[in-house]
Amino acid sequence: MNPKEIIQTITKENKISSVFFVGCGASKADLYPAKYFLEQEAVQLRVHHYTANEFNFATPTAVDHTAIVITASLGGTTPETVEANAVAKEKGAHVISLTRSVDSPLTKEADFVIYHGFAESYAAKLEKTGYALQLAVEILEQTEGYDHYDQMIESFPKVYQLCQEAAQEARLDAKKFAEKFKADPVIYVMSSGATHEVAYSTSICLMQWIHSGTFHSGEFFHGPFEIVDKDVPFILLMNDGKTRKIDSRALTFLQRFDAKVTVVDALDHGLSSVIGQEVIDYFNPFLITAVFRVYAEELSLAREHPLTKRRYMWKLTY
């Protein structure tokens with residue numbers, strides 16, 4: 001079943017009041033644009049975004065038959081997220097899971113499963129984020145209605161194509177970034193809006209044992225900017241849309257004090273040429289994720305540190 005059919009099946013006989021997005025690490029971050037969309041556009045729906053183990057140990061009271069719980073795990077084996085499905089089912093919630101792995105543990109307690117790609121292309125790496133956002137769009141349309149529904153739906157194939165092209169064209173800039181940043185002991189990552197947790201997942205998953213911290217661009221001036229100095233390394237993931245001024249303010253300050261800055265800007269890669277301003281905020285994370293993946297690949301080559309190299313993950317019991 002596709003996202004529209006799944007939500008039609010749920011809402012046909014159930015009044016939905018709450019939506020919970022639940023995952024761990026990069027998968028949790030991949031759910032954030034959908035959560036952000038509903039927070040921005042819904043009037044009545046309650047929207048929540050949880051790391052799985054907090055959802056399991058401090059389960060909100062609103063997890064019941066009026067709730068949809070959307071979980072994600074790339075390989076479908078993340079124990080905390082698998083447990084979250086069981087917790088949600090026990091409470092009577094409607095569970096939708098996103099994974100690339102057929103018949104994985106995550107699928108066992110789910111009412112509905114959507115399988116996505118990953119390794120096939122740069123566009124495929126965005127499918128988890130895309131399906132989560134499509135589910136959010138359908139939930140809003142079928143519960144409250146949404147004026148820009150058609151525009152959102154028509155934007156998905158456009159943004160996937162743009163992301164694939166932009167990633168392929170980013171290689172030269174990515175190589176320059178890698179040479180510039182490969183020896184840094186720490187790199188800070190910032191963004192805002194729907195891209196905020198792209199900055200987070202970049203920091204925790206793609207920095208290859210480089211010490212890294214994440215700041216929301218809007219919070220930058222309320223503590224974090226005290227670390228800015230000449231040649232301190234920053235990556236700014238810059239949005240096109242409502243929060244661009246927030247990112248621009250941060251960039252101006254970084255440049256004022258000669259920080260070492262790399263900017264990945266959705267505007268530079270043509271997002272507004274294919275996505276309308278009414279919905280552009282929700283597609284920034286797609287384009288920026290695709291382009292920065294190439295930057296991370298080149299950084300891993302320059303540092304001789306494969307993106308799959310781990311010290312603890314998948315190696316120890318923890």
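The values are calculated or read from the model by the stated rules, or taken from the named source; none is laboratory data. Since the model is a prediction, treat every value here as computed from it, not as a measurement. For neighbour counting, all protein chains shown are included, and Cβ atoms are generated from backbone atoms with ideal geometry for every residue, glycine included. These area figures cover heavy atoms from the full protein model, side chains too; ligands, DNA and RNA do not enter into them. Shrake-Rupley method; radii C 1.70, N 1.55, O 1.52, S 1.80 Å.
Scanning for something under 23 Å from TYR32 (Cα atoms) and touching a His at 6+ places or on another chain (Cβ under 6 Å), does region 257-267 turn up at least one residue? No: region 257-267 contains no residue that is under 23 Å from TYR32 (Cα atoms) and touching a His at 6+ places or on another chain (Cβ under 6 Å). Within region 29-43, being in a helix (DSSP H, G or I) and not polar (S, T, N, Q) holds for ALA29, ASP30, LEU31, TYR32, PRO33, ALA34, LYS35, TYR36, PHE37, LEU38, GLU39, GLU41.
For region 9-50, the tally of residues that are touching an Asp or Glu at 6+ places or on another chain (Cβ under 8 Å), more than 20 Å from ASP281 (Cα to Cα) and open to solvent by 40 Å² or more (accessible area, probe 1.4 Å) stands at 1. For beta carbons closer than 6 Å, sequence separation of 6+ or different chains, a first residue in region 58-87 that is touching a residue at least 60 places away in the same chain (Cβ under 8 Å) and a second that is assigned to a strand (DSSP E or B), the qualifying pairs are ILE68/VAL19; ILE68/HIS94; ILE70/PHE21; ILE70/ILE96; ALA72/GLY23; ALA72/LEU98; ALA84/VAL22; ALA84/THR71. Only one entry in HIS196, HIS148 is in contact with a His (Cβ under 8 Å, 6 or more places away or on another chain) and under 22 Å from ILE280 (Cβ atoms), namely HIS196. In region 133-145, the residues that are under 19 Å from GLU13 (Cβ atoms) reach residues that are basic (Lys, Arg) and open to solvent by 40 Å² or more (accessible area, probe 1.4 Å) with C-beta atoms within less than 6 angstrom, at least six apart or across chains, in these pairs: GLU138/LYS4. Give the residues of region 166-183 that are surrounded by fewer than 15 Cβ atoms within 10 Å (Cβ to Cβ) and either free of Cβ contacts under 8 Å to residues at least 12 places away in the same chain or of a type outside the set (Lys, Arg) (or both), sorted by residue number. Within region 166-183, GLN168, GLU169, LEU172, LYS176, GLU179, ALA183 qualify. Are any of the residues in region 44-55 in a loop (DSSP other than H, G, I, E, B), of a type outside the set (Gly, Ala, Ser) and at pLDDT 95 or above? Yes - at least one qualifying residue is present in region 44-55.
Taking the listed residues LYS230, LYS309, LYS242, the one that is more than 19 Å from the chain's Cα centre (by Cα), more than 19 Å from GLY25 (Cβ to Cβ) and basic (Lys, Arg) is LYS230, with no other qualifying.
Can you say whether SER272 is of a type in the set (Gly, Ala, Ser) and in contact with a Leu (Cβ under 8 Å, 6 or more places away or on another chain), as far as the supplied structure shows? Even if it seems obvious, please write down each step before you answer.
Numbers: of a type in the set (Gly, Ala, Ser): yes; in contact with a Leu (Cβ under 8 Å, 6 or more places away or on another chain): no.
No.
Kindly indicate whether ALA62 is closer than 30 Å to LYS125 by Cα, among the aliphatic types (A, V, I, L, M) and outside any strand (DSSP E or B). Don't jump to the end; show me each part of the working.
Working: closer than 30 Å to LYS125 by Cα: no; among the aliphatic types (A, V, I, L, M): yes; outside any strand (DSSP E or B): yes.
Criteria not met by ALA62.
Considering region 116-139, and only residues there that are crowded, with 23+ Cβ neighbours inside 10 Å and among the aliphatic types (A, V, I, L, M), the residue that is farthest from the chain's Cα centre (by Cα) turns out to be ILE139.
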